[in-house]
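The values are calculated or read from the model by the stated rules, or taken from the named source; none is laboratory data. Please read all numbers here as calculations on a predicted model, not as lab measurements. Here Cβ is always computed from backbone atoms with ideal geometry, including for glycine, and neighbour counts include all displayed protein chains.
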C-alpha cells in the first residue's frame, strides 16, 4: 500500500491522491520531547550513557510505567517488577507468545483483527483462531468466543480501541470475558491469558472511556506503546504489564524478560525509554484527531457509506457497497483513493480508512468519494 | 553474573571485587555523539520526526552502511538494497534465522561460541551444531566442519574477532571455508549460508587485520552493530548485509525485511539509526582497550595462567588449572574474582575474562589472581 500510494502520487500529483491506507501517526512528538532529548544529549559524555540496561528495561522507566498504569488500569499493587519494557507493543507480543505458547496452542482473536497477530503467534507454532465480532457494533461475541475455546486455547487476544473498527469494548463485555476465563481456568493446569493490546487507549472520542482491563482479571496481561500517544513509533518503545495477582506472575515476567533477550531485542531502545520516561505525562494534540474524525465521517455520510461510528483510534470501517470489499477497494484505487479491504483484517465486506492524514486530504476527498461510490453503484 | 558481582561489591566493597564477567563496553559514545544527538533533538517539532521508517531501515542509514561496508568488506557493488537495518546484531540474526531456517535445519558453529546463538536458531526449530575449534589457536577446524555438514545444514555461523577467545580467523581460513561452501552448494537446492557475526571488527590489536568476509563468498551474510565501536549497545542498532552476487539476493533481503516486521522489531530504533548515520566514521578510543589488554595479559602471566594471545575483541580465554573450569571459576569467585566458565561457551577447561573494565580493576587484580591460582593449585 505504501508503494502504491507513492506511485500514484508520482503519477497524478500528491493533491490528486487520497491515501487512507496507512495507520501511522503523522504528528510530531509533544513539544516537551525536544527539551527532553537535549537533556539526553547532554549526558552522552558519561560512560555507558547509551549502554545496555537489564533485559526487562531501565528501572526508572519501569517504575514510571508501573506508577502510571497502576492508576490507569486501577491496579494499585502494580510495581516495576510487573513491567517489562519492550520494543513497541509488537515486540512485547512476540516476546509474550514465545514465553507462553507451545506448538499447537491456540490464540483466540475477535475478527476483524490486525493481521500481523497471526504471524506473531505463528512463529512459535501458535495458531490464531479468529472469532467474528457482532455486527454492526463490532463488540465481542462472547458466545462465539466461549464456543471457540478448546483444550489448546492459551490466549484470548483483543485490541481496544480497535484497529480497524474504532470500537471500544464496554466494561460489561470485558467483565463477562473475564468471568468466562476464570470459569475455564478453574479446571486447567495451563491457564488462558487475557491479552489486551492497547496502543490506542489514549485516543477516545466524545468523552468515551476505555475501560481498564488489567484490574478485571488476574489472568490479564496488557501491552502498550508510546508509538501513537507520543508519536514516536519509529523509536520502538512499549511495555508489557501483568496483573500482580496472577498465579506465578514472577515466572511470567521472568520468562518474558528472557525471551526479550533471546529473540534479539536484548532491551528496549534506551534513548526511547529515557525519552518516554521524561515525557510520560504528555501527549499529542487529541483535538487534531477529533476534528479529522468528524470530517471523515462527514465525507462518508456525503458518499452514502454506512459505518459504525468509531469510538476511539483513528480508523473507521465502513461496509463496502456490493459486499465484495476487494472489488470496491480496487475501484477506489482506480479513482486515486487508497483504502484497505476488510479481508486484510479477516472481515470481508468492509474496508478500513485511516484518518491519520492531513485535514485537507480528508476535505478534498469528499467529491472523489461521492463520485466513486455513485459510479461504482451505477 | 551481573547479580553475583553486585552482591559481592555490596558485601566486600567495590574495590575488593574484580569483575571480569561482563562483555559490556564501559566507555562513553565518541565525543561527536553529543552534537549529533542535539541536532536530532532540534528536529523533534517536525511531523513524523520519530515516525516509522521502512522495515528495512531508514534509507540514509542503509546508504551510509552500504558505502562503508563496500569499502570495509571489499564489495564495491554493495548498495543500500543489500542492507537491512536491525535491532543490533542479535536482532539481525534472529530475523535472518527466521527467514532461512526450516524446522530441523542445522546451524554449524565453531566452539567456543556465544551461547545465545543456540536460542536464536532454536526459536524456529533450528539446531545449533557446535564444532570444536583447533587448540591452542582457536582457529577454525575445517576438516571437522566439513565432516559436520549434512543435508540439513543451512548455515555456518562464525564470529571474528571471536567472543570468547579474541581469535581472528585468517584470510586463508575464510577462503578455505568459502571453497568448502561453494563445493557443497554446487549440488544443493537450498544453499548453505556463511553467516559472519562481526560486532568486534573494529577492535584488533598490534596492527592485526580482520579479513573481510563478504567479498569471499557469494553466500556470505555479514552482521554488525554499533554497540561496541560507538558504545551505544543499549540503543540497539545494527545491520545485515548480503553479498550482491548471491543467487536470489533480493529474495533474501525481502524475507529478512518481512521477518524484521513480523518478529516485532518493525524497524531498527530511529534515533539510533540517525545517530549512527551521523557519526559512522567515529569510534571509541581503541588505545584504552589496547592498554587494558596489555595489563590483563601481564596479570595472567604473573599468575602463571596460559592463554592464546587475543588478536581482537576485549576477551581472553585462558586454560583453567586442573581442567575443571567450573570448579576453578567457583574458586575464583570465593576470592572475589568473577569470570565465566568455558562450559558456558561450549568449551570446557577454559574461562572467559572480559577486560572491558577500568584499568585499576585490572591492575589491582594482579595479586588476587596470583594468590588464587597458587592456592588453588596447592
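Observations on the structure shown:
- Residue B:61 vs. criteria crowded, with 24+ Cβ neighbours inside 10 Å and more than 8 Å from every other protein chain (Cβ to nearest Cβ): yes
- Tabulated pairs, the range B:148-166, first on the phi > 0 side of the Ramachandran plot, second outside any strand (DSSP E or B) and modelled with pLDDT of 95 or more, C-beta under 7 angstrom, 6+ apart or interchain: B:166/B:310; B:166/B:311; B:166/B:313; B:166/B:317
- Of all residues in the range B:275-288, exactly one satisfies the criterion of being surrounded by 24 or more Cβ atoms within 10 Å (Cβ to Cβ) and either within 28 Å of residue B:208 (Cα to Cα) or more than 14 Å from chain A (Cβ to nearest Cβ) (or both), namely B:276.
- Qualifying residue in the range B:241-260 (condition: within 29 Å of residue A:44 (Cα to Cα), within 18 Å of the chain's Cα centre (by Cα) and away from chain A (no Cβ under 13 Å)): yes
- Test: residue B:130 is away from chain A (no Cβ under 14 Å), more than 30 Å from residue B:258 (Cβ to Cβ) and touching a residue at least 40 places away in the same chain (Cβ under 8 Å): no
For every residue, the table says whether it meets (1) in contact with a helix residue (DSSP H, G or I) (Cβ under 9 Å, 6 or more places away or on another chain); (2) farther than 30 Å from residue B:343 by Cα; (3) assigned by TED's automatic domain parsing to the domain that holds residue B:216.
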| residue | (1), (2), (3) |
| --- | --- |
| B:46 | no, yes, yes |
| B:64 | yes, yes, yes |
| B:68 | no, yes, yes |
| B:73 | yes, yes, yes |
| B:78 | yes, yes, yes |
| B:85 | yes, yes, yes |
| B:92 | yes, no, yes |
| B:101 | yes, no, yes |
| B:121 | yes, no, yes |
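Residue-by-condition table, conditions (1) surrounded by fewer than 21 Cβ atoms within 10 Å (Cβ to Cβ); (2) in the same structural domain as residue B:165 (by TED's automatic domain parsing); (3) on the phi < 0 side of the Ramachandran plot:
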{"site": "B:245", "(1), (2), (3)": "yes, yes, yes"}
{"site": "B:252", "(1), (2), (3)": "no, yes, yes"}
{"site": "B:259", "(1), (2), (3)": "no, yes, yes"}
{"site": "B:293", "(1), (2), (3)": "no, no, yes"}
{"site": "B:310", "(1), (2), (3)": "no, no, yes"}
{"site": "B:313", "(1), (2), (3)": "no, no, no"}
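- Residues located in the range A:81-107, provided they are away from chain B (no Cβ under 14 Å) and under 24 Å from residue A:231 (Cα atoms): A:83
- Here residue B:110 fulfils each of the conditions (1) modelled with pLDDT of 95 or more; (2) within 14 Å of chain A (Cβ to nearest Cβ); (3) closer than 29 Å to residue B:349 by Cβ apart from (2).
- Selection from the range B:37-53 of residues that are crowded, with 17+ Cβ neighbours inside 10 Å and either over 16 Å from residue A:356 (Cα atoms) or touching a strand residue (DSSP E or B) at 6+ places or on another chain (Cβ under 9 Å) (or both): B:37, B:40, B:41, B:44, B:53
- Qualifying residue in the range A:299-308 (condition: outside the structural domain of residue A:171 (by TED's automatic domain parsing), under 19 Å from the mean Cα position of the chain (by Cα), within 24 Å of residue A:200 (Cβ to Cβ) and touching a residue at least 24 places away in the same chain (Cβ under 8 Å)): yes
Every residue, every condition in (1) closer than 24 Å to residue B:266 by Cβ; (2) at the interface with chain A (Cβ under 7 Å from one of its Cβ atoms); (3) touching a residue at least 60 places away in the same chain (Cβ under 8 Å), yes or no:
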{"site": "B:20", "(1), (2), (3)": "no, no, yes"}
{"site": "B:24", "(1), (2), (3)": "no, yes, yes"}
{"site": "B:28", "(1), (2), (3)": "no, yes, yes"}
{"site": "B:34", "(1), (2), (3)": "no, yes, no"}
{"site": "B:43", "(1), (2), (3)": "yes, no, no"}
{"site": "B:46", "(1), (2), (3)": "yes, yes, no"}
{"site": "B:56", "(1), (2), (3)": "yes, no, yes"}
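- Verdict on residue A:210 being in a loop (DSSP other than H, G, I, E, B) and in contact with a strand residue (DSSP E or B) (Cβ under 6 Å, 6 or more places away or on another chain): yes
- Out of B:264, B:238, B:272, sole residue that is without any contact (Cβ under 8 Å) to a residue 12 or more places away in the chain, buried (at least 24 other Cβ atoms within 10 Å of the Cβ) and within 14 Å of chain A (Cβ to nearest Cβ): B:264
- Within the range B:1-98, helices (runs of 4 or more DSSP H) holding 3 or more residues that are farther than 21 Å from residue A:272 by Cα: B:2-12, B:59-72
- Which listed residue, of B:290, B:334, B:354, is closer than 18 Å to residue B:4 by Cβ and out of contact with any strand residue (DSSP E or B) (no Cβ under 9 Å at 6 or more places or on another chain): B:334
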